[in-house]
Amino acid sequence: MIIAIDGPAASGKGTLGKRLAAHYKFRHLDTGVIYRAVAKVLLDAGADLTDEKRAVAVAYALDPEKFGNPALKTQEVGEAASVVSTIPAVRAALISFQRHFAGEPPGAVLDGRDIGTVICPHADVKIFVVADPYVRARRRTLEAIGRGEAADEAAVLADILKRDERDRNRAAAPLKAADDAVLLDNSHLDIESGVRAAIDIVEAVRAGRQRI
Ligand code: DC
């Protein structure tokens, strides 16, 4: 089984993805980390984020062993990832890794922006997570403070709004709900309630399929 979870920055889709994967004993891939890893290599080299040739070469040379690097989680890297991810050739370079991950048994949960629309259009369950931008900014700020980083909530909100705009309006695989995705509004749910709601969606979709 493949579960696709898409949604905007800081919507909680990553946590939901991880928790759903643990619940069903599936593997989990936070696909944002892949774009962040490409961006980080370019940032560290002082390279132009829109240098297509270089970004594509970096994308093909990625080492998945490094996806756990906490330095990928910063706001700066997230913003750079959003820029790099607008390049169609970079997205194309990362497709086969994601599809391969999704296809391996016993099942997988992938979270991102285009999982239900482009990477796994035949996913068994698609969830599109939304949350109020102010709530997302508050959560992202508290997470940053928890990591010992300085964080200004107004600046975090501005970053989130800018990123939403770019992710939604890019030509290549923009952030949008697949026609057959189930919407999950995570604005007023704590983590446990969000996980419960996501499991309920998975079970409802599976039950619906079995009746057909
Ligand atoms: O989910 P995140 O904040 O880690 O994602 C960082 C950026 O990567 C996001 O702003 C856009 C890009 N991204 C993408 O284009 N497609 C995905 N499937 C995941 C992330």
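The values are calculated or read from the model by the stated rules, or taken from the named source; none is laboratory data. Bear in mind that the values here come from a model prediction, so they are computed numbers and not experimental data. So basically every Cβ, Gly included, is an ideal-geometry build from the backbone, and we count neighbours across all protein chains shown. To get the accessible areas, we keep the full protein, side chains included, count just its heavy atoms, and leave off ligands, DNA and RNA. Shrake-Rupley method; radii C 1.70, N 1.55, O 1.52, S 1.80 Å.
Within the same chain, aspartates and glutamates fewer than 8 places from Lys176 are excluded, and of the rest, those with a Cα less than 15 Å from its Cα are Asp6, Asp111, Asp114, Asp164, Glu165, Asp167, Asp185. Report D for segment 158-212 in µm² per second (integer): Stokes-Einstein, Kirkwood Rh on Cα pairs, 20 °C, 1.002 mPa s. Answer from the Stokes-Einstein relation: 156 µm²/s. The aspartates and glutamates whose alpha-carbon is closer than 14 Å to the alpha-carbon of Lys25, local same-chain residues fewer than 8 away aside, are Glu104. Listed by chain and number, the aspartates and glutamates placed with their C-alpha closer than 15 angstrom to that of Lys66 are Asp30, Asp44; residues fewer than eight positions away on the same chain are left out. Distant-in-sequence amide contacts of Val182, defined by a placed amide H-H separation under 5 Å and a gap of 5 or more residues or a different chain, comprise Lys126, Ile127, Phe128.
Each residue of segment 173-178 was assigned a 3J(HN,Hα) from its phi angle through the Karplus curve 6.51 cos²θ - 1.76 cosθ + 1.60 (θ = phi - 60°); the sequence is 6, x, 5, 7, 6, 5 Hz, with glycine and proline shown as x. Size of segment 113-212 from its Cα atoms: along the principal axes, largest to smallest, the extents are 52, 35, 20 Å.
Across every direction, the projection of the convex hull enclosing the Cα atoms of segment 52-179 has a mean area of 8.8 nm².
Helical content alone sets the calculated 222 nm signal of the chain at -17000 deg cm²/dmol, taking -39,500 (n - 2.57) per DSSP H segment of four or more residues and averaging over every residue. Here the gap between Ser187 and Arg206, fully extended at 0.36 nm per residue and compared with their Cα-Cα distance, gives a gain of 4.3 nm. The listed peptides 57-70, 165-178, ordered by packing as a protection proxy, come out as 165-178, 57-70 (highest mean of other Cβ atoms within 10 Å first).
The residues of segment 86-163 expose, per residue, 45 Å² of accessible area to a 1.4 Å probe.
Available extension along the chain between Ile199 and Glu104 is 32.1 nm, counting 0.36 nm per residue and deducting the alpha carbon span. Kirkwood radius for segment 1-115, taken over all pairs of different Cα atoms as the inverse mean of 1/r, rounds to 14.3 Å.
What the pair-distance distribution of segment 103-149 shows, using all Cα-Cα distances binned every 10 Å from zero, is 21, 32, 28, 18, 0 percent. Put the Cα centre of segment 12-42 next to the Cα centre of segment 109-167 and the gap is 12 Å.
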